[in-house]
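Have a look at the structure below before the remarks.
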2 protein chains.
Amino acid sequence: MSNTNIKTLSPRKQEILTAAQKLFSEKGFNAASMRDVAKKLDIRPASLYSHYNSKDDILWEIAIRCANEFHQKVDPIAKLDLPIEVRLEKMITAHIYVIIKNINASAIFFQEWKHLNEPRLSEYAQSVAEYEALFRNLIQEGIQEGIFRNDLRPGFITAMILSSVNWIHQWYKPEGNMTAENIGKQAVRMILEGLYKAG
Amino acid sequence: MSNTNIKTLSPRKQEILTAAQKLFSEKGFNAASMRDVAKKLDIRPASLYSHYNSKDDILWEIAIRCANEFHQKVDPIAKLDLPIEVRLEKMITAHIYVIIKNINASAIFFQEWKHLNEPRLSEYAQSVAEYEALFRNLIQEGIQEGIFRNDLRPGFITAMILSSVNWIHQWYKPEGNMTAENIGKQAVRMILEGLYKAG
DNA sequence: GTCTATAGAGAGATAGAC
DNA sequence: GTCTATCTCTCTATAGAC
């Protein structure tokens, strides 16, 4: 799943994908039409079908490429021989990096996945489950080692952490001065240390 | 905005709303059709229009009633004369309570608002902004009083907190044994104290 | 208030010329 | 690979009988 090879796209396919990502994320998959995508590229709707066989195929390409991006950036960090809290910090920062570098694609990844059909929907779900397990296992490890609190279930903690960062695409504006590292550091501080003032 | 009076619905309108909430939240607003709603109630699609003038009107009723529910439950708590962290805990718990008691409506509230049209979209945005300000102002207060950490911006903290709890509708299953109070207490612990083991 | 029937718009997708 | 033209389907919504 996480090893799916992602081919390089032809220039035209890349243009279509970029236009579709913007439109699908702004209006939602169903509200954005193939006519909208074509208009954005100044071609006729029918021409799109020389590159993609269906609208569903475009959604799938967006989703699977985004899933691969998350895995590609985060999987290696989970295997590093580093202190647990350092690994968690690096994984969260990498996760946020992927979101910010693929702001439209990640919005679709998180919000429009329900419009995938089987068997793709199951493949998506499995990829997400495996990805979340990276975080959950690390947190579990931290609890067992006595670093992390042991009064909350790892699944609950994981859900809260990923939820808090997966919403970034809703408010992040590229023109702002916050980098992924910047946001990552702040998010990790909040997640690890909480809101109370230390001391 | 937060004082909009919510009328009691006729039994039929309530049935339509319940069916629409389930379908809109499961399939998304655009993918769920008026035919789907009618089928669920075992009536003809045309009959729906004796109760609601349009599909947009149904979405609006769902959104505005949910917004009012949040304000109605949380606004009074923000005004209570209680320690800041107690107020925050009670507000978060009440917020989670509204999500869980209106699991379909809140999913639509958070995910389908982009399908609102003007001027309703602006009214929605203002209601949300006012609501978020309740939390942000409280956090700001806590920072000034030296209770909360002062190295993170209140807006950033607010976004992280609300994001982490607004995702509950994605994983919450009513058949589970977690109550709103239960989830609220755990979420608040995580938010205030963080992941690190105390001591 | 619900029905049958259907108008009118817009969707995804295909055929075949160039 | 892009075009024109169009098929077919589904959607929201309306008209008018009961």
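The values are calculated or read from the model by the stated rules, or taken from the named source; none is laboratory data. Being a predicted model, the structure only gives us computed values, none of them experimental. Reconstructed Cβ throughout: ideal geometry from the backbone, glycine too, with neighbour counts over all protein chains shown. Just the protein is used for accessible areas: all its heavy atoms, side chains included, with ligands, DNA and RNA removed. Shrake-Rupley method; radii C 1.70, N 1.55, O 1.52, S 1.80 Å.
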Requested in this report: Tell me, rounded to the nearest percent, the portion of alpha carbon pairs in region B:120-199 spaced more than 23 Å apart.
Outcome: 34
Query raised in the report: Along Cα→Cβ at 7 Å, what distances in nm separate the A:Thr18 label point from those on the other copies, shortest first?
Result: 5.0
Requested in this report: Please find, in a Gaussian network model of chain A (springs between Cα atoms separated by less than 10 Å), the residue of A:Lys55, A:Lys73, A:Lys39 whose mean-square fluctuation is greatest.
Outcome: A:Lys39
Requested in this report: Quick one: check the C-alpha center-to-center distance for region A:1-54 versus region B:109-183, whole angstrom.
Outcome: 33
**Report entry** Amide N of region A:93-135 lying under 19 Å from the label point, which is placed 7 angstrom from the Cα of B:Glu175 along Cα→Cβ
**Finding:** none
Query raised in the report: Where the label is 7 Å out from Cα toward Cβ, how close does B:Gly176 come to the same position in every other copy, in nm, shortest first?
Result: 2.8
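All other residues with a Cβ under 15 Å from the Cβ of B:Ile143 taken together, and with Lys, Arg as +1 and Asp, Glu as -1, what is their net charge?
Numbers: positive: A:Arg189, A:Lys197, B:Arg87, B:Arg136, B:Arg149, B:Arg153; negative: A:Glu193, B:Glu85, B:Glu141, B:Glu145, B:Asp151.
Cβ neighbours under 15 Å give a net charge of +1.
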Query raised in the report: Can you run phi through the Karplus equation (6.51, -1.76, 1.60; θ = phi - 60°) for region B:10-25 and list ³J(HN,Hα) in whole Hz, with x for Gly and Pro?
Result: 5, x, 5, 4, 5, 4, 4, 4, 4, 5, 5, 4, 5, 6, 4, 6
Query raised in the report: Over region B:55-193, what is the mean sequence separation of C-alpha contacts under 8 Å (at least six apart), divided by residue count, expressed as relative contact order in percent?
Result: 33
Query raised in the report: Taking only DSSP H segments of four or more residues, each worth -39500 (n - 2.57), what value at 222 nm results for the protein assembly as shown once the sum is divided by all its residues, to the nearest 500 deg cm²/dmol?
Result: -21500 deg cm²/dmol
Query raised in the report: Stokes-Einstein at 25 °C, 0.890 mPa s, Kirkwood radius from Cα pairs: D for the protein assembly as shown in µm² s⁻¹?
Result: 108
Report summary line: Nearest 10, in degrees from 0 to 90: the angle of helix A:180-193 to the longest Cα principal axis of chain A is 40
**Report entry** Cut-off 13 Å between beta-carbons: net charge of the residues surrounding A:Gly28, Lys and Arg +1, Asp and Glu -1
**Finding:** +2
Report task. Provide a list, ordered by number, of residues in region B:138-177 showing at least 50 Å² less accessible area with every protein chain present than when their chain is taken on its own, using a 1.4 Å probe. Result -> B:Arg149, B:Leu152, B:Phe156, B:Met160, B:Ser163, B:Ser164, B:Trp167
Requested in this report: Find every distance from the label point of B:Leu82 to the corresponding label point in the other copies (7 Å from Cα along Cα→Cβ) and write them in nm, one decimal, shortest first.
Outcome: 4.0
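Taking loop as defined by DSSP and a crowding limit of 10 other beta carbons within 10 Å, which GluC sites (Glu not before Pro) in region A:145-199 fit? Before the final figure, lay out each step's value.
Values: sites: A:Glu145, A:Glu175, A:Glu181, A:Glu193; in loops: A:Glu145, A:Glu175.
Passing sites in region A:145-199 are A:Glu175.
Report the local net charge at A:Ile100: Lys and Arg +1, Asp and Glu -1, summed over other residues whose C-beta lies under 14 Å from its C-beta.
+1
Is there a pair in A:Lys114/B:Lys185; B:Lys13/B:Lys40; B:Lys7/B:Lys79; A:Lys22/A:Lys173; A:Lys40/B:Lys55; B:Lys13/B:Lys101 whose C-alpha atoms are over 22 Å apart, and which pairs would that be?
On the way: A:Lys114/B:Lys185 30 Å; B:Lys13/B:Lys40 13 Å; B:Lys7/B:Lys79 25 Å; A:Lys22/A:Lys173 14 Å; A:Lys40/B:Lys55 28 Å; B:Lys13/B:Lys101 19 Å.
Violating the 22 Å limit, Cα to Cα: A:Lys114/B:Lys185; B:Lys7/B:Lys79; A:Lys40/B:Lys55.
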Report task. Return an integer: the convex hull volume of the alpha-carbon atoms of chain A, in Å³ per residue. Result -> 139
